[in-house]
């Protein structure tokens, strides 16, 4: 569980800002609380083209507080961050826009396929149509 | 059924009967609501064990009402010795000033009782009643009653306090009062609705969102809101009333976006008091010449909620703009998909359209640059996930078979998309108006790319794609023997051949070939579609036509405003004016407040517009309708730094002046005068 979380944060600098709108700037701290300790992850999204991650306990523009178990669900794509916040399994203090932007780093639910593949399989006319289009434009 | 009285402040609202009471109902949305949760389901006043009877109700403001009551049944009150005044307001929380008046010359002793309870129902549980997952606790505290609902970490509380001493029990408060002769007793009941988050604090405190506002503050904000909008001077009382009503209703529906901490508009009371992508965008488009300040928070909320991954339960895809966001228990526990739900195929192109239209009016290029990332992702969505079948059109089919929507267009009820003979087409479906929106989004996206994103190559590509889409659309959707556009294409590429109001949206988008626009205008105003109060959703010669069918025969004011805008675009000013006049006439029967929809009966048959049974009211895009109709009849269109004013008023309307229209030009006045009823506007002319 904590391996998934660690892997998620450690990979962020390499993933970079390509998933984020360029205007989004700020700092986000994730506090993961267990019965006897709190682990912190500090994500700095202020510099253009760069994501910095460390374990600092510093003031941030937004602070997301939850448990390692709930955060692991987010990094595995099992629940969306918005639902977790709505049912109060995680709480947010500060600028809500940062967590909504940060949500773009979370993956889709495991095993989700491309909806186009299924639809095109079930509606075979699309293939004939595409061929006709190609003939028209070619 | 008793008349229901509503007061509201954004997404906090109270629905009660004409006595001011709320009787518990599992399936009717009565009570006090906030953030999609019912915080009071019982609020019932009695004096000496007797319920009260309404003498009159005063709807003072949208956030304030006053009830004048007497104990007992009407036959008793002729010489009432006691009367009651309930004076209440909503401004984040709910306050009731309760007064009991003694009209005799002797002191009287009375037992005043208010029954109080909450079922903490989620708005979706009221649509489909079901048991709660956890019990409600009633906690008696010093001078107050606390009602608590906890399911795991999900925590809602209603806290009710009284200024006068009360005997508090788990089911309400009792007051033993002694009222001197010709005098009165009073208490102030205060009801707070708490959405508890971190450290048991209300989440609005953690996010520094403003909540409680006094009636005086609300009054001042309403005054400022109205003063900022253009002033209307008009010979027609029905237009003047509708205009004023629209501005007030839009003010009433404003609430603070959690994302943006700024105000945007909820879609409609009581079912839709939240962000809907489609409704929010259309309302902003309608109101842009009047209240452009609503647009940035709407764009921002939708941009930050943009889909970023594939999620079948939520019909989410990267780049897609949301359909509906809910804050209640069923969304939180993922029993309903609204966290947010993305089951709409039109919101994504509409987002780009609004972004462009906003800049055209305001010149606010900072917003266009700020949301370039999301706008490009939206334009990409049209060509990838939007085009499910890879045929160059937007198609939809829900992947959530349990509680996803079957139709991802504005006509989202199950039977709305049908063949002329009544059959329902298989999925996926490609409705015609969505292709129009895609075309318009590409044209507008090209303008934004060229002027603001410094990407002329992308602009060229979008324009080529738009031209190609228009050519293909006019071939694939045109029904040659009927001479109109099909409502949709089915999964086999066949035409879904019902004649519908959707063809009017095509005019608005500009996807209609010039040579065909006259035929479309003619059909829209024909007896098959035009009822006399507006254009019906579905033509009378279609098998599923029903004058009371939600999307298969009723007349929607919002739909008509877009159709009128479309007729204006192609120069059919007389036809546009006919629709505008019809809808303004209808508004007159609703004291200026257009409902969501009214029945499609011919005007000559009913002589007045029959309201659809469970229509939402006020509803944002119905409130926006008179605004867009005014834009259409005055012929307002931004052009570079100027506002073009080219009025074509309905005959007999007289004089119409709209003063201080805000925009990139500063403020400007538009004046129009109708021709006499006899000479009218030549058909298809610019008026």
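When B:132, B:127 are arranged by Cβ crowding within 10 Å, least crowded first, meaning fewest neighbours, the order is B:127, B:132. The calculated FRET efficiency for residue B:139 paired with residue B:591, based on their beta-carbon distance and R0 = 41 Å, is about 0.45.
Length, then width, then depth: along the principal axes, the Cα atoms of the protein assembly as shown run 94, 79, 52 Å.
Classify the range B:239-303 as rounded, prolate or oblate from the Cα gyration tensor: take a ≥ b ≥ c as the square roots of its eigenvalues, call it rounded if a/c is under 1.5, otherwise prolate when a/b beats b/c and oblate if not. Here the range B:239-303 falls in the prolate category. For the Cα trace of the range B:4-206, dividing Rg by the Kirkwood Rh returns an Rg/Rh value of 0.98. Cα gyration tensor of the range B:106-159, axes a ≥ b ≥ c as square roots of the eigenvalues: rounded (a/c below 1.5), prolate (a/b > b/c) or oblate? Taking the square roots of the gyration eigenvalues as a ≥ b ≥ c, the range B:106-159 is oblate. Pairwise inverse Cα distances across the range B:170-248, averaged and inverted, put the Kirkwood hydrodynamic radius at 18.0 Å.
Placing pseudo-labels 7 Å out from each Cα toward the beta carbon at residue B:235 and residue B:103 gives an inter-label distance of 4.8 nm.
Report summary: the helix-based calculation at 222 nm, which adds -39500 (n - 2.57) for every DSSP H run with n ≥ 4 and divides by the residues of the protein assembly as shown, gives -9500 deg cm²/dmol. Counting neighbouring beta carbons within 10 Å and listing from fewest to most, the residues B:418, B:616 come out as B:616, B:418.
The angle between the Cα long axis of helix B:372-383 and the longest principal axis of the Cα atoms of chain B comes to about 60 degrees, rounded to the nearest 10.
Round to the nearest 10 and give me the degree value, 0 to 90, for the angle of helix B:514-524's Cα axis relative to the longest principal axis of chain B. Tilt relative to chain B: about 40 degrees. Averaging 1/r over every pair of different alpha carbons in the range A:2-112 and inverting the result gives a Kirkwood radius of 14.1 Å. How big is the gap, in Å, between the Cα center of the range B:472-515 and the Cα center of the range B:412-442? So the separation of the two Cα centres works out to 10 Å. Over the range B:43-123, the alpha carbon radius of gyration divided by the compact-protein estimate 2.2 N^0.38 Å works out to 1.23. Hey, with R₀ at 25 Å, roughly what FRET efficiency would residue B:483 and residue B:423 work out to, going by the Cβ-Cβ distance, to 0.05? That gives a FRET efficiency of 0.70.
Between residue B:514 and residue B:528, the simple label model (points 7 Å from Cα in the Cβ direction) yields a spacing of 2.6 nm. Spatial offset of the range B:60-126 relative to the range B:569-631 amounts to 35 Å, using the alpha carbon center of each. Extents of the range B:382-474, taken as max minus min of Cα coordinates on every principal axis and listed largest first, are 46, 29, 21 Å. Per residue, the Cα convex hull of the range B:168-301 amounts to 203 Å³. Counting only Cα atoms, the range B:1-94 measures 43, 28, 22 Å along its principal axes, largest extent leading.
Set the Cα radius of gyration of the range B:571-666 against 2.2 N^0.38 Å, with N its number of residues, and you get 1.23.
Using the Stokes-Einstein relation with a Kirkwood hydrodynamic radius computed over Cα pairs, the translational diffusion coefficient of the range B:135-176 at 37 °C and a viscosity of 0.692 mPa s comes to 301 µm²/s.
Can you give the Rg/Rh ratio of the range B:229-673, where Rg is from the C-alpha atoms and Rh is the Kirkwood radius? Answer for the range B:229-673: 0.93.
Among A:121, A:50, A:23, the largest mean-square fluctuation in a Gaussian network model of chain A, built with springs joining Cα atoms closer than 10 Å, belongs to A:121.
Between residue B:460 and residue A:128, take the C-beta separation as r, use R0 = 35 Å, and let me know the FRET efficiency to the nearest 0.05.
Details: r = 30 Å, r/R0 = 0.86.
The value I calculate is 0.70.
Rounded to the nearest 10 degrees, the inclination of helix A:125-137 to the longest alpha-carbon principal axis of chain A is 70 degrees.
Taking the Kirkwood radius as Rh and the Cα radius of gyration as Rg, the range B:386-437 has a ratio of Rg/Rh equal to 0.95. Taken along the Cα-to-beta-carbon direction at a fixed 7 Å, the label points for residue B:667 and residue A:19 span 4.8 nm.
Read-outs: derived from the displayed coordinates by stated rules, not from any lab. Values in this document were obtained by computation on a predicted structure and should not be read as measured data. Quick reminder, even Gly has a Cβ in these numbers, built from the backbone with ideal geometry, and neighbours come from all protein chains shown.
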